[in-house]
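Working notes for the structure below.
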Amino acid sequence: MTPADPTHVIGAARGWLGTPYHDQASARGVGCDCLGLVRGIWRELYGPEPLPLPPYSRDWGETGTREVLAEAARGVMLEAPTMEIVPGALLLFRMRTGAVAKHCGIVTAPDWFIHAYERTGVVEVPLDAAWRRRIVSTFLFPNPS
């Protein structure tokens, strides 16, 4: 499996900018959460979503023994070294020490990423030190060919 063209991934992600935040939704221009953003990008690039989506909690402090988000990504994407932050990459974030990864975003440039955030909706923001220290996994979208 080879990685997708990052310009296609970033273009799809930027099409969601300004979408309001809505928990567990995935409708461009209407509402989405961070996972809904990634699901929408997937649909635009590949068609139907590859996995059924079970309900999930909004609790960023949720603890557990399984990294469900990372496990799902491993099944359909290319895992990259955690610090391989390249345009088009999917980043998974752990928001609290001891919690499971519950947030995600798409890298648009070496120091920028797009994500859906509760108070702002889908935005492109700096990938600063505060965000970088929370990165736990990095994945690349597969080439759709």
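The values are calculated or read from the model by the stated rules, or taken from the named source; none is laboratory data. These numbers were taken from a predicted model, which means no experiment stands behind them. Because the Cβ atoms are built from the backbone with ideal geometry, glycine has one as well, and the counts that use them run over all protein chains shown.
Looking at Gly47, Gly40, which one is small (Gly, Ala, Ser) and crowded, with 18+ Cβ neighbours inside 10 Å?
So the residue among Gly47, Gly40 that is small (Gly, Ala, Ser) and crowded, with 18+ Cβ neighbours inside 10 Å is Gly40.
When you check Ile114 against the structure, is it more than 20 Å from His22 (Cα to Cα), buried (at least 16 other Cβ atoms within 10 Å of the Cβ) and among the hydrophobic types (A, V, I, L, M, F, W, C), yes or no?
On the way: more than 20 Å from His22 (Cα to Cα): no; buried (at least 16 other Cβ atoms within 10 Å of the Cβ): yes; among the hydrophobic types (A, V, I, L, M, F, W, C): yes.
No; evaluated as a whole, the condition is false for this residue.
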Item to check | Matching residues in the stretch 118-143 - criterion: being without any contact (Cβ under 8 Å) to a residue 12 or more places away in the chain and either among the polar types (S, T, N, Q) or farther than 18 Å from Ala70 by Cα (or both) | outcome: Ala129, Ala130
Item to check | So Leu69, is it within 15 Å of the chain's Cα centre (by Cα) and modelled with pLDDT of 95 or more | outcome: no
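Pull up the stretch 74-92, narrow it to residues that are of a type in the set (A, V, I, L, M) and surrounded by fewer than 14 Cβ atoms within 10 Å (Cβ to Cβ), then point me to the one that is farthest from the chain's Cα centre (by Cα). Working first, answer last.
So in the stretch 74-92, the residues of a type in the set (A, V, I, L, M) come out as 76-78, 80, 83, 85-86, 89-92.
Going one step further and asking which of them are surrounded by fewer than 14 Cβ atoms within 10 Å (Cβ to Cβ), we end up with 83, 86.
Details: Met83: 15, Val86: 14 Å.
Among them, the one singled out is Met83.
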Checklist entry - If you take the residues in the stretch 118-145 that are hydrophobic (A, V, I, L, M, F, W, C) and assigned to a loop (DSSP other than H, G, I, E, B), which one is farthest from the chain's Cα centre (by Cα)? => result Leu127
Item to check | Odd one out for Arg39, checked against (1) more than 21 Å from Trp16 (Cα to Cα); (2) in contact with a Ser or Thr (Cβ under 6 Å, 6 or more places away or on another chain); (3) not hydroxyl-bearing (Ser, Thr, Tyr) | outcome: (1)
Item to check | Failed item, numbered, when Arg133 is tested on (1) modelled with pLDDT of 90 or more; (2) among the basic types (Lys, Arg); (3) surrounded by 13 or more Cβ atoms within 10 Å (Cβ to Cβ) | outcome: (3)
